[in-house]
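Taking it in order: structure first as structure tokens, then the write-up.
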Amino acid sequence: MKWAQKCYVLVLVVTIAGIAFRLPGLAKRPMHGDEAVHAYKFGELLEGNTYRYDPDEYHGPSLAYFTLIPARLSGIDKYKDLTEFTVRIVPVFFAVLLVLMSLLLVDGLGRFAVIIAALLTAISPAFVFYSRYYIQEMLLVCFTFGVIGCGYRYFRSRKILWAISSGIFLGLMHATKETCIIAYGSMLSALILVLILQPKQEFISNIKKTMKTRHLIAAMVSAIIVSAMFYSSFFTNPGGVWDSIRTYLVYFHRAGQNQLHIHRWYYYLKMLIYSQYYDGPIWSEAIIVVLAVFGFAAAMTRKSIADVNSGLLRFIAFYTVIMTVVYSVIPYKTPWCMLGFLHGMILLGGAGVWVIIKSVSNVWVRGLIQLVLAAGAVHLGWQAYLANYIYYADSRNPYVYAHPTNDVFTMVQRVDEISAAHREGHNMHIEVICPGGDYWPLPWYLRRYDSVGWLNEVDENTPAAPVIIASASVEPALLRKLYQLPPPGERNLYVPLFDTKSWLRPDVELRGYITKELWDSCQQQISTRNEK
Amino acid sequence: MMKKEFVSVVKVGVLAVLVMCLLFVQSCKKSEPKDSTEGTGQQGGEVTKNSGGTIAPPAEKLVPLDIKLPRAMFVGTPKPARVPNLEKPLGKDRPPFLVPPGVTNISFGKPVTSTDPEPIIGDIEMITDGDKEAADGSYVEFGPMKQSVTLDLGAEYEIYAILFWHYHKEGLVYFDVVVQVADDPDFITNVNTLFNNDDDNSSGLGKGDDMHYVETNEGKLVDAKGVKGRYVRLHSNGNNANEYNHYIEVEVFGRAVK
């Protein structure tokens, strides 16, 4: 087999490994609040065939629209019939596509570097973890790389199709998440830096050669059409296009206001290099960072490396550094936001490995380096396994961020048991009372219940439901509603719904209450079932 | 690649790694738990607004009813009696019942009257003496057929639960158990029937839908729904082993009317 064929086969093998890491047990981890919110928004699109972009919340529309594909393929047309698989398969798909798309740079970074980059993307714990997360980030990273990959192919071939493809990916980036402007800025700055750092004569000729005007226009038009299509809800809500610009006022304002996600500048880098919580394992993707440093050094110190396009390598180096710096400087941080520059590091890391291996002539030393790198890859894979299948909802996992605990499953199972005994079944009246609407992802897990009251505070004007789930903080108000407001003789005795203390998230306790009457009825059914 | 060039790559690379190590030496200490009260890591996601944080202890909360159970006199699940409409055994402990603060046993030591003024075994006062054991000397046996006991709480109360034990040394099932609350000792004014498993109206108090149950050391707890009343009456009509009626203890949980 030729080396070129080997490269494709190896990337394919790596892609299969990436699928194997991502696909099993997609419902295993409780849905994050954000995932549940996005799934709810998608439910509106699924059932009503309408989507209106909200400039205040929820990010871009692409995630919802792409989720229509697995939903339709599964024959699902109701929100309540959705499963975790139906929604989480979308980021999984784009993560796998991202691995495969490494091939776009096969003659830019070199085959070896591309295989390594594909491998690191496939097994990076952060990448695997957030590939199984129903949020926009994986789509954004995939589309961003699409711009780089197609852009590179355009510069190689000058074919308009690559320019249009690049434009489509640019539009998709914008239709995915507002933070795309960081990647836009980083790519543009990196491109300018690459051109500036070239010798003067080359610089001028390269500027002229970089892009034909009509190709540039074609790319821009493609980007605008794609973005406008999504934001206008496929031309049914033209105002959405203007909202997609107006949204930046909201996000710039919020970035400085929301104290919940303000972190120090080294938050992302520390998370990647070293983190340990309580007695949990040590987590580190330092090997990627270190290899990226070597890739960066090679990009800065050499004019050309065999098989490697120095312009592309420099572009990726600048792009990665700018992205890392910008994301680190912005105080508002959530861990999934680092995927953008982590992918840049991975690409640089691929080149870094190639440079190191190529530079060593001694067989033993080369063998030793390869052994160390293989051990590093195994370690990454092991961490990816731990993060996704052992510590998937454990706060000792650095990527588990503001995540619901497994108690959510127990809570929902209990509600299901109760509804099975209730004469109205899934029509059973349930009240969920959490100040500030802090009950997500419960709306996802209780999506099959038609009569759930989602409340921020105790509503004294409605009769108490037989099943109540509430934040501990509202108990005094609940006590008034249950035992002071109803007339004597109508104050139902309640018993705890859950056998043990239950946590929505660490530090956020939810209490469950059920009328004694319903509890007795449910228990009779369970006992009868157990007897049989 | 030239050796010189390789050395320069390594130099820059190693230098960059060293700089990063120095930068992070401060932060490479073992991390604080993300879900500590000072941390922000677990408080809400990117989309969900105002997703809360540490919950302050509530000022007033629902409290479990303070029930002290007697010793169990038989081990395991009681043998199912051949009684229609019989509750299945729980197979586990009963859950705590949540009541407002200030709800206590208001029947302790309160006077009791009965339709059988001269019990066959025991004294009528034993029904509210706090002794819930099933041993000899702890229960009262009344005559056969329909009998009732009436507790005078001495004042009007908000009643939240009534807990009673007929006889839990064996897994007996008592018939026509009816629990009522009223404002007067003759049960004419403001009569509330809280429990009734008389499925054929043989007691003449109306047909009840509640299930028969097997006596255990947990007693039978009836939800009184905060009903107001002064007098509590419990009816029974023999059991599945004999025609006699037994009472070990009756506890009424409530609080003074505000």
Subject >> Within segment B:117-148, tally of residues that are part of a loop (DSSP other than H, G, I, E, B) and within 23 Å of residue B:205 (Cα to Cα) >> reply: 4
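Anything in segment B:221-233 that is away from chain A (no Cβ under 11 Å), farther than 20 Å from residue A:486 by Cα and of a type outside the set (Ser, Thr, Tyr)? List them, or say none.
B:232, B:233
Could you look through segment A:469-500, keep only residues that are under 41 Å from the mean Cα position of the chain (by Cα) and within 17 Å of residue B:226 (Cβ to Cβ), and pick out the one that is surrounded by the most Cβ atoms within 10 Å (Cβ to Cβ)?
Ranking the qualifying residues of segment A:469-500, first place goes to A:494.
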Original post:
Filtering segment A:288-319 down to residues that are over 26 Å from residue A:123 (Cβ atoms) and hydroxyl-bearing (Ser, Thr, Tyr), which residue is nearest to the other protein chains (Cβ to nearest Cβ)?
Top reply: A:301
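Residue under question is residue B:111, and the condition is that it be closer than 21 Å to residue B:162 by Cβ, surrounded by fewer than 19 Cβ atoms within 10 Å (Cβ to Cβ), at pLDDT 85 or above and more than 7 Å from chain A (Cβ to nearest Cβ); does it hold?
Details: closer than 21 Å to residue B:162 by Cβ: yes; surrounded by fewer than 19 Cβ atoms within 10 Å (Cβ to Cβ): yes; at pLDDT 85 or above: yes; more than 7 Å from chain A (Cβ to nearest Cβ): yes.
Yes; evaluated as a whole, the condition is true for this residue.
It is to be established whether one or more residues within segment A:346-361 are modelled with pLDDT of 90 or more and among the polar types (S, T, N, Q).
no
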Original post:
Do we have any residue at all in segment A:158-172 that's assigned by TED's automatic domain parsing to the domain that holds residue A:311, more than 27 Å from residue A:241 (Cβ to Cβ) and surrounded by fewer than 24 Cβ atoms within 10 Å (Cβ to Cβ)?
Top reply: yes
Original post:
For residue B:238, all conditions in the list (1) within 14 Å of chain A (Cβ to nearest Cβ); (2) crowded, with 18+ Cβ neighbours inside 10 Å hold save one; what is the number of the exception?
Top reply: (1)
Subject >> Selected residue (only one of A:481, A:516 is more than 12 Å from residue A:411 (Cβ to Cβ), at pLDDT 90 or above and facing chain B (nearest Cβ under 7 Å)) >> reply: A:516
Original post:
Considering only segment B:242-258, how many residues are out of contact with any Phe, Trp or Tyr (no Cβ under 6 Å at 6 or more places or on another chain), surrounded by 23 or more Cβ atoms within 10 Å (Cβ to Cβ) and not β-branched (Val, Ile, Thr)?
Top reply: 2
Subject >> Residues being in a loop (DSSP other than H, G, I, E, B) and either buried (at least 24 other Cβ atoms within 10 Å of the Cβ) or touching an Asp or Glu at 6+ places or on another chain (Cβ under 8 Å) (or both) - total across segment B:149-187 >> reply: 12
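For segment B:114-140, give me each residue that is under 23 Å from residue B:186 (Cα atoms) and surrounded by 15 or more Cβ atoms within 10 Å (Cβ to Cβ).
Taking segment B:114-140 and keeping what is under 23 Å from residue B:186 (Cα atoms), we get B:114-119, B:123-128, B:140.
Once the filter is applied, which keeps residues that are under 23 Å from residue B:186 (Cα atoms) and surrounded by 15 or more Cβ atoms within 10 Å (Cβ to Cβ), segment B:114-140 yields B:114, B:115, B:116, B:119, B:124, B:126, B:127, B:128, B:140.
Are there helices (runs of 4 or more DSSP H) fully within segment A:124-222 with at least 3 residues that are modelled with pLDDT under 95 and among the charged types (D, E, K, R)? List them. Give the derivation first.
Details: elements: A:125-131, A:137-157, A:160-174, A:180-196, A:200-210.
Counting at least 3 such residues, we get A:200-210.
In segment A:224-242, how many are assigned to a loop (DSSP other than H, G, I, E, B) and either buried (at least 19 other Cβ atoms within 10 Å of the Cβ) or modelled with pLDDT of 95 or more (or both)?
In the first step, residues of segment A:224-242 are kept if they are assigned to a loop (DSSP other than H, G, I, E, B); the result is A:232-238.
Retained after the next criterion (residues that are either buried (at least 19 other Cβ atoms within 10 Å of the Cβ) or modelled with pLDDT of 95 or more (or both)): A:232-233.
Of the residues in that region, 2 qualify.
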Original post:
Pairs, please: C-beta under 8 Å, at least 6 apart or cross-chain, first residue in the same structural domain as residue A:322 (by TED's automatic domain parsing) and under 23 Å from residue A:267 (Cα atoms) and in segment A:283-302, second part of a helix (DSSP H, G or I) and of a type in the set (Ser, Thr, Tyr)?
Top reply: A:292/A:320; A:296/A:320
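The values are calculated or read from the model by the stated rules, or taken from the named source; none is laboratory data. Source: prediction; values computed, not measured. Using ideal geometry, Cβ is built from the backbone for each residue, glycine included, and neighbour counts are taken over all protein chains shown.
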